[in-house]
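Structure first, then comments.
The values are calculated or read from the model by the stated rules, or taken from the named source; none is laboratory data. What you are looking at is a predicted structure, and each value in this text was computed from that prediction instead of being measured. Reconstructed Cβ throughout: ideal geometry from the backbone, glycine too, with neighbour counts over all protein chains shown. Quick note on the areas: whole protein, heavy atoms, side chains included, nothing else; ligands and nucleic acids left out. Shrake-Rupley method; radii C 1.70, N 1.55, O 1.52, S 1.80 Å.
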Amino acid sequence: MPDTSFMNNVPDPLTSGKELPPFSFALEKSEGKVIGASYGKEATVEQLPISKGIAGVSMRIEPGAMRELHWHATAGEWAFVLEGRVRTTVIQPDGHSETNDFQAGDVWFFPRGHPHMLECLGTEPCHFILIFDNGYFSEFGTFSITDWLGHTPKPLLAKNLGIPQSALEGLPKDEVYFARGALPPQEVSTPLQGWSIPPLTHKYRLMAQPPRRTFKGGREWRVDSTNFPISTTVTGVVLDLEPGGLRELHWHPTADEWQYLIEGKVSVTMFGSHGRYRTETLNQGDVAYIPQGYGHSIENIADKPSRILIGLNTGTYAAIDLSQWIAGNPVDVLATNFNKPAALFESVPKGDVFIASAGPGKAHA
Ligand code: MN
Ligand code: MN
């Protein structure tokens, strides 16, 4: 077999030009796939070419509707519920199955290839954001049960399920995607095989936790495999920024970053070396993407708090913040590097700022 390992080091033409490419997309303004009052709007490399490492979907499901049984051949699925209630089932290769009910602020994670369904609970619609650890996931990557069985010869299927062919007449011939029926029962129903609960849960109540860190300029919730062990390929973050609050300049050495603006208005900057620097504004429902290792910051430019959902394609969060980087160096090194008097560096933060607050000189207040 030819050795292709060198290809990982070949510059990506998309990010090696003179200018950085656009890195945001108005997800909620896009049309997406609509069935009845349910929709799925997606941001993959098709809509946002830079986003090769992560794709995202905004999905709304109406009462009585279900995102049918399916799996993703090429991506794990991480989700954050914005509104309403959702019930999921997920099956593991060892036969364990788990059913969970979710509400706003809850998170799920389904490893790559593990089949699942999502249904709206109750009489209000639900809305959630899905994050996939592969920007190409959508292209031939989602496998639905009706699509498969609708294209399998009836004799084969009858033999497989041990039922007469006649019982299979009238099965959907093509992918249903959103199935619609009666409202699901309030209580979770027992699977055909009985209960067989997996050792690791697929549910994490992110916003039911206190923030991990609180600052004058905002606060942060974070979930990765250290507190949600099944989530080995996605880290989720919710950042609240006060007006003027700034998630400081930083980069992620091991992951790409995908952003969805839940509320407010933010200015996102990106640095791509060789003097390449780009700023984009996100309005509510817009998404953005920062490639692994690229410098970036997020600043609330609204006159009210902003909330941003962030997904990283790693199970272990890692970041280098500018203030931390500088604080890890001695004054003489910094003075020489910037050709400035040593005294200047006596007054910069001596540790990680993470979120700075509005106004000059208040960064570490
Ligand atoms: Mn899915
Ligand atoms: Mn970041």
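Residue-by-condition table, conditions (1) more than 16 Å from ligand 2 (Cβ to nearest atom); (2) on the phi > 0 side of the Ramachandran plot; (3) aromatic (Phe, Trp, Tyr):
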| site | (1), (2), (3) |
| --- | --- |
| LEU192 | yes, no, no |
| PRO198 | yes, no, no |
| THR201 | yes, no, no |
| PHE215 | no, no, yes |
| PRO229 | yes, no, no |
| ASP256 | no, no, no |
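For segment 334-365, name all the residues that are under 30 Å from ASP240 (Cβ atoms), surrounded by 16 or more Cβ atoms within 10 Å (Cβ to Cβ) and modelled with pLDDT of 90 or more. Listed by number, the residues that qualify are PRO349, ASP352, VAL353, PHE354, ILE355, ALA356, SER357.
What helices (runs of 4 or more DSSP H) completely inside segment 268-357 contain at least 1 residues that are of a type in the set (Val, Ile, Thr) and more than 16 Å from ligand 2 (Cβ to nearest atom)?
Values: elements: 322-327, 331-338, 342-346.
Of the helices (runs of 4 or more DSSP H) lying wholly inside segment 268-357, those with at least 1 residues that are of a type in the set (Val, Ile, Thr) and more than 16 Å from ligand 2 (Cβ to nearest atom) span 322-327, 331-338.
Candidates in segment 83-131 are the residues that are outside any strand (DSSP E or B), of a type in the set (D, E, K, R) and open to solvent by 10 Å² or more (accessible area, probe 1.4 Å); of these, the one that is farthest from ligand 2 (Cβ to nearest atom) is ASP94.
Taking residues in segment 63-89 that are closer than 24 Å to ALA208 by Cα, and partners anywhere that are within 16 Å of ligand 2 (Cβ to nearest atom) and of a type in the set (A, V, I, L, M, F, W, C), the pairs with Cβ atoms closer than 6 Å and at least 6 places apart or on different chains are TRP78/ILE131; TRP78/VAL234; PHE80/LEU309. Scanning segment 227-245 for residues that are open to solvent by 10 Å² or more (accessible area, probe 1.4 Å) and closer than 19 Å to ASP256 by Cα returns THR232, THR233.
Looking across segment 276-292 at every residue that is closer than 18 Å to LEU14 by Cβ and open to solvent by 40 Å² or more (accessible area, probe 1.4 Å), the one that is nearest to the chain's Cα centre (by Cα) is identified as GLN292. Residues in segment 324-333: is at least one aromatic (Phe, Trp, Tyr), open to solvent by less than 10 Å² (accessible area, probe 1.4 Å) and more than 16 Å from ligand 1 (Cβ to nearest atom)? No, segment 324-333 contains no residue that is aromatic (Phe, Trp, Tyr), open to solvent by less than 10 Å² (accessible area, probe 1.4 Å) and more than 16 Å from ligand 1 (Cβ to nearest atom).
Could you check segment 134-161 and list, in sequence order, the residues that are closer than 30 Å to LEU48 by Cβ and in a loop (DSSP other than H, G, I, E, B)? Break it down stepwise before answering.
Initial filter on segment 134-161 (closer than 30 Å to LEU48 by Cβ): 134-148.
Within segment 134-161, ASN134, GLY135, TYR136, PHE137, SER138, GLU139, PHE140, GLY141 qualify.
What are the residues in segment 9-53 that are of a type in the set (Gly, Ala, Ser) and open to solvent by 20 Å² or more (accessible area, probe 1.4 Å), if any? So that I can check it myself, show each step before the final result.
Quick first cut of segment 9-53, residues of a type in the set (Gly, Ala, Ser) only: 16-17, 24, 26, 30, 32, 36-38, 40, 43, 51, 53.
If the condition is that a residue be of a type in the set (Gly, Ala, Ser) and open to solvent by 20 Å² or more (accessible area, probe 1.4 Å), then SER16, GLY17, SER24, ALA26, SER30, GLY32, GLY36, ALA37 are the ones that fit.
For segment 34-45, a residue qualifies if it is part of a loop (DSSP other than H, G, I, E, B) and of a type in the set (Ser, Thr, Tyr), and exactly one does: THR44.
Of the residues making up segment 252-263, not a single one is hydroxyl-bearing (Ser, Thr, Tyr), assigned to a loop (DSSP other than H, G, I, E, B) and within 16 Å of ligand 1 (Cβ to nearest atom).
Filter segment 46-82 down to residues that are of a type in the set (Asp, Glu) and in a strand (DSSP E or B) and give me whichever is nearest to ligand 2 (Cβ to nearest atom).
Quick first cut of segment 46-82, residues of a type in the set (Asp, Glu) only: 46, 62, 68, 77.
Adding the requirement that they be in a strand (DSSP E or B) leaves 68, 77.
Numbers: GLU68: 34, GLU77: 21 Å.
Per the criteria, the residue is GLU77.
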